[in-house]
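Participant: Sharing a structure, written as structure tokens. Questions coming.
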Amino acid sequence: MLTFIALAVLVYLGLCAALFFFQRSLIYFPQPRSSPAGTTLATLPVEGRQVFATVRARQGPDALLYF
């Protein structure tokens, strides 16, 4: 019984370590750049980087979403 508990603890600690070291790849899932029909792709320069935004025209008040 003690061996089973020790093995379970080791497996748990191994999973925790794997999640810690690979957390960045689990957070960001890159999407391929595409422009669906009815949209335009805009490029915004930001301090040495570029931010790509999809602009979709629609009726109603203007909105800005950012993450």
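The values are calculated or read from the model by the stated rules, or taken from the named source; none is laboratory data. It should be emphasised that the depicted structure is a prediction, and the values quoted were computed from it without experimental measurement. Counting neighbours? That spans all protein chains shown, and the Cβs are built from the backbone with ideal geometry, glycine included. For accessibility, only protein heavy atoms count, side chains too; no ligands or nucleic acids. Shrake-Rupley method; radii C 1.70, N 1.55, O 1.52, S 1.80 Å.
Participant: Which percent of the accessible heavy-atom area of the chain goes to carbon and sulfur, probe 1.4 angstrom?
Facilitator: 67
Participant: A follow-up question, please. What does the accessible area per residue of the chain come to in Å², with a 1.4 Å probe and no ligands, DNA or RNA counted? Numbers along the way, then the final one.
Facilitator: Working: 7060 Å² over 67 residues.
For the chain, the solvent-accessible area averages 105 Å² per residue.
Participant: Another question, if that's okay. Tell me the angle of helix 2-21 to the major Cα principal axis of the chain, expressed in degrees between 0 and 90 and rounded to the nearest ten.
Facilitator: That works out to roughly 20 degrees.
Participant: Based on the Kirkwood radius over alpha-carbon pairs, what is the Stokes-Einstein translational diffusion coefficient of the chain at 25 °C with 0.890 mPa s viscosity, in µm²/s?
Facilitator: Calculated translational D: 147 µm²/s.
Participant: Additional query: Counting only trypsin sites (Lys or Arg not before Pro) that are in a DSSP loop and have at most 11 other C-beta atoms within 10 Å, tell me the longest site-free stretch of the chain.
Facilitator: Result for the longest clean stretch: 1-32.
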